[in-house]
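Novice: Can you keep this structure in mind? I'll have questions shortly.
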Amino acid sequence: MSAEAPYTDLTPDLVLDAVEACGLWPDGRLLALNSYENRVWQVGIEDAAPVIAKFYRPCRWSDEAIREEHAFAQELMDAEIPVVAPLRFDGHSLLQHGGYRYALSPRHGGRAPSLESRDQLEWLGRLIARIHTVGARAPFAHRGRLDRDTMVHTSVQAVLDSSLMPPSLAHGYRAASTRLDDAIAQRLDAVGPVRTLRLHGDCHPGNVLWTDAGPHFVDLDDARTGPAVQDLWMLANDDAAMRALLDGYTTMREFDEGELALVPVLRAMRQLHHAGWIAQRWHDPAFPLAFPFAAEPRWWEQHIADLHEQADDLE
């Protein structure tokens, strides 16, 4: 496969063959699901419920890191936490076919949570606390960390190395990102050491599905080590929502209120990382189609202005 276009050879026939190789019988129905980092398909199965086939982006995670993600999901399921874990075939959850690594999981549908509902926010807070109770049992050995090197430095360099950044804006972007990184470092120093643990890592509303039985969590692809507040802030639209989440969380687990000072840091790092992620993946044909605005100078002008605004908030 090509590193510049890693999914060129991932045809519908290959997807069906990969599922069939697990001893399942696809009925030919395929639905491509919304995913850019990996490729994810819903596959119909004869006389059975559909499965979700996730094909991992080559070279992003090591095999050990993916297996560690799968083991964490299974550990959460064993603790009766509503998380979707991959299926195992002959004892293996990480599978290979046609040069691709992939995993199959049960299909669990649902709707987006209502982040205006205090009851739902408290429910989510309790479940996240239970995830963190399991996450605190042992460290990750192969997954990444939520830190400046990963979220800031690597991302900024990816932008500067990319053809997306207009040369006339490169100096301004470098100055804005450096200023913001300095502000992030100062805030981290001011907050001091915080306890870290295994996290869901990307706990935004799109990774929570709600049914009549309540919520369940999907997609641990960004599971990593970091502070507990990382799994809370993206679900909180305002201070009242964060308080509702914490009211639920603290019924199950203690929370260090000092971590709330990290929310602007985490938001700033995510903004830097998002731009770097687009720049790193621009060679993938799916990215220009999904993020056409990133090819326009005016988007980078606004991004630079946003970085200065984030720095103002932190400073």
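Novice: Connecting C-alpha atoms closer than 10 Å in a GNM of the chain, tell me which of 248, 144, 258 has the biggest fluctuation.
Specialist: Highest fluctuation among the options: 258.
Novice: How many angstrom lie between the Cα centre of segment 183-246 and the Cα centre of segment 261-315?
Specialist: That distance is 19 Å.
Novice: List the DSSP H helices in the chain whose Cα atoms stretch 20 Å or more along the helix axis and whose mean Kyte-Doolittle hydropathy is at least -0.5. Walk me through the numbers before you get to the answer.
Specialist: Working: long enough: 63-78 (22 Å, -0.86); 118-135 (25 Å, -0.18); 167-191 (36 Å, -0.22); 263-281 (26 Å, -0.11); 297-314 (26 Å, -1.28).
Once both thresholds are applied, what remains is 118-135, 167-191, 263-281.
Novice: Would you mind giving the average projected area, over all directions, of the Cα convex hull of the chain in nm² with one decimal? Please report the intermediate quantities before stating the final value.
Specialist: On the way: hull surface 66.4 nm².
Approximately 16.6 nm², given one-decimal rounding.
Novice: Determine the dipole magnitude for the chain: charges of +1 sit on the beta-carbon of Lys and Arg, -1 on that of Asp and Glu, nothing else is charged, the reference point is the Cα centre, and the result goes in debye to the nearest 20.
Specialist: 260
Novice: Given +1 on the Cβ of Lys and Arg, -1 on the Cβ of Asp and Glu, and no further charges, what dipole in debye does segment 1-160 carry about its Cα centre, rounded to the nearest 20?
Specialist: In total the dipole reaches around 500 debye.
Novice: Further question on the same structure: With every protein chain kept in place and ligands, DNA and RNA left out, what is the accessible area per residue of the chain? Probe 1.4 Å, answer in Å². Walk me through the intermediate numbers first.
Specialist: Details: 14850 Å² over 315 residues.
Counting only protein heavy atoms, the per-residue value for the chain is 47 Å².
Novice: Further question: Could you point to the residue in 146, 110, 166 farthest towards the positive end of segment 106-234's charge dipole, with +1 and -1 charges on the Cβ of Lys/Arg and Asp/Glu respectively?
Specialist: Among 146, 110, 166, the one farthest towards the positive end of the dipole of segment 106-234 is 146.
Novice: Hey, in the GNM for the chain with a 10 angstrom Cα cutoff, which one of 290, 65, 18 fluctuates hardest?
Specialist: Top of the fluctuation ranking is 290.
Novice: I've got another one for you. Count charges around residue 201 for me, please; just the other residues with Cβ under 13 Å from its Cβ, Lys/Arg as +1, Asp/Glu as -1.
Specialist: Values: positive: 143, 145, 198, 224, 270; negative: 37, 68, 69, 147, 202, 219, 221, 222, 231.
Within the 13 Å Cβ shell, the charges total -4.
Novice: What's the carbon and sulfur percent of segment 161-315's accessible surface, probe 1.4 angstrom, rounded to a whole number? List each step's numbers first, then the result.
Specialist: Working: 3480 of 6840 Å².
Roughly 51 percent, rounded to a whole number.
The values are calculated or read from the model by the stated rules, or taken from the named source; none is laboratory data. Everything numeric in this text was worked out from a predicted model, so none of it was measured. Quick reminder, even Gly has a Cβ in these numbers, built from the backbone with ideal geometry, and neighbours come from all protein chains shown. We work out accessible area using only protein heavy atoms, side chains counted, and drop any ligands, DNA or RNA first. Shrake-Rupley method; radii C 1.70, N 1.55, O 1.52, S 1.80 Å.
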